[in-house]
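Right, one structure below, let's go through it.
No value in this document is a laboratory result; all are computed from the given coordinates. No experiment lies behind these values; they were computed from the predicted model shown. Because the Cβ atoms are built from the backbone with ideal geometry, glycine has one as well, and the counts that use them run over all protein chains shown.
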4 protein chains.
Amino acid sequence: MYVILDLCLVPMGVGVSVSKYVVACHEVLKKAKLKTELHAYGTNIEGEWDDVMAAVKKCHEKVHEMGAPRITTTVKMGTRTDRSQTIQDKIESVLQKQSE
Amino acid sequence: MYVILDLCLVPMGVGVSVSKYVVACHEVLKKAKLKTELHAYGTNIEGEWDDVMAAVKKCHEKVHEMGAPRITTTVKMGTRTDRSQTIQDKIESVLQKQSE
Amino acid sequence: MYVILDLCLVPMGVGVSVSKYVVACHEVLKKAKLKTELHAYGTNIEGEWDDVMAAVKKCHEKVHEMGAPRITTTVKMGTRTDRSQTIQDKIESVLQKQSE
Amino acid sequence: MYVILDLCLVPMGVGVSVSKYVVACHEVLKKAKLKTELHAYGTNIEGEWDDVMAAVKKCHEKVHEMGAPRITTTVKMGTRTDRSQTIQDKIESVLQKQSE
């Protein structure tokens, strides 16, 4: 089952700056060979459900290893059976309608 | 890794009523022997990460089987290494402070 | 416009315990005379859009006043024009279907 | 109070395609002269809290006017008092650390 997932992982108990943790998560996602798109409030990820979820779990493990005692994560995720759709398809369907 | 997760699964393309899909998801969670608490905008779930994620995947599969061509899900999830904490602990820590 | 909103406000830069901030937010919501239901990963709130949003803003202001330099909040919110629906209606529609 | 907000508005009861509703919301945000960045699972928006929330409310009103009887929206939003930060700052702080 293919999923498009938006990941926003917030470490707690380690101050206000989170960028180094986001960078560490991107390394995990890269190693998992997942397609990702960074934005200002999270990272879009696409791939097979099990691969994506395994990578999200590794992100939690990695950020705990880096010293964060607590993590709160918000995820939005979409699956569909009517057609296949990528991150790029979703953006293009909006951009194309905007240009009509 | 123990996780407390808040699941809000929204079927798309099947009208405005979602309660029968929420009921179907609760049957999946019950079969998975996971502890759950229903609220007005989702269901709190706690358990081992792999068990909880496998159940969330089954919820998506079940709701697609019921005829929903598309699903968008919002999840909040927390893990921590400093102490163990249940759904009940989280609620009690607030109620107790309210009574102080 | 009536809204049912699920609020999960997370203070950053103030350690791992958030319960005292949740309690402070509940005082703000109580003063605003809004109906609320606490759960393990947030608080359901219902009321007129402007009243609810004004209270959410006050929660941010209050938690910053308490010393949190940064806040990340996740909100789920629903509006509908086909019928009126309360927090209790949403829960009962699921419980009733479960008992069928 | 300056806020960076990620908006994901999902119309219900109007089929599976949401792009025309996303386009309509972007017109509302543009009229409100708010800075926005589209991504595959939402739109980042930044500005003064009241301006941003008024625009989000207008998006709900607009999408209901377009015939959607029900809407479920997920929002992530951040405020901070320790420094000012834009959408671009947040992305650059990650990109810069990635290049170190």
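Taking 2.2 N^0.38 Å as the expected size of a compact globular protein, what ratio does the Cα radius of gyration of the range A:41-100 give against it, to two decimals?
1.49
Please identify the longest segment of chain A free of exposed trypsin sites (Lys or Arg not before Pro), where exposed means a DSSP state other than H, G, I, E or B and no more than 15 other Cβ atoms within 10 Å. Here the longest segment lacking exposed loop sites spans A:34-82.
For a 18 Å ceiling on Cα separation, which of these pairs sit above it: C:K33/D:K57; A:K30/A:K90; B:K31/B:K58; B:K76/C:K76; A:K76/C:K30; B:K31/B:K62? Please report the intermediate quantities before stating the final value.
On the way: C:K33/D:K57 21 Å; A:K30/A:K90 21 Å; B:K31/B:K58 11 Å; B:K76/C:K76 11 Å; A:K76/C:K30 30 Å; B:K31/B:K62 13 Å.
Going by Cα-Cα distance, C:K33/D:K57; A:K30/A:K90; A:K76/C:K30 fall outside the 18 Å limit.
Over the C-alpha atoms of the protein assembly as shown, the Rg to Rh ratio, Rh being the Kirkwood estimate, stands at 0.92. Across the range A:1-57, Cα-Cα pairs more than 12 Å apart make up 64 percent of the total. Helix B:87-99 and the longest principal axis of the C-alpha atoms of chain B enclose an angle of approximately 50°. Over every Cα atom in chain B, the radius of gyration and the widest Cα-Cα span, Dmax, amount to 14.8, 50 Å. Remark on A:G13: its backbone amide H falls under 5 Å from those of C:G13, C:V14, C:G15, a criterion applied only to residues 5 or more positions apart or on other chains, H modelled at 1.01 Å from N. The phi-based Karplus calculation (6.51 cos²θ - 1.76 cosθ + 1.60; θ = phi - 60°) puts the 3J(HN,Hα) values of the range A:3-17 at 10, 10, 10, 10, 10, 10, 9, 10, x, 10, x, 10, x, 9, 8 Hz, whole numbers, x for Gly and Pro.
Taking the Cβ of D:T43 as the centre, find all other residues whose Cβ is under 9 Å away and add up their charges (Lys, Arg: +1; Asp, Glu: -1). Mind dumping the intermediate values first?
Working: positive: none; negative: D:D6, D:E37.
Overall, the nearby charge balance is -2.
Within the shell of other residues whose beta carbon sits under 11 angstrom from the beta carbon of A:C8, the net charge comes to +1, with Lys and Arg scored +1 and Asp and Glu -1. Given springs between every Cα pair under 10 Å in a Gaussian network model of chain D, which of D:T43, D:T72, D:T81 has the largest fluctuation? Its mean-square fluctuation being the largest, the pick is D:T81. Backbone phi angles across the range C:75-85, fed through the Karplus curve with coefficients 6.51, -1.76 and 1.60 (θ = phi - 60°), yield HN-Hα couplings of 10, 10, 8, x, 10, 8, 10, 7, 6, 8, 8 Hz in residue order; Gly and Pro are listed as x.
Our note on the geometry: Cα centres of the range A:33-100 and the range C:53-91, 25 Å apart. Computed over chain A, relative contact order equals 43 percent, with contacts defined as Cα pairs under 8 Å that lie 6+ residues apart.
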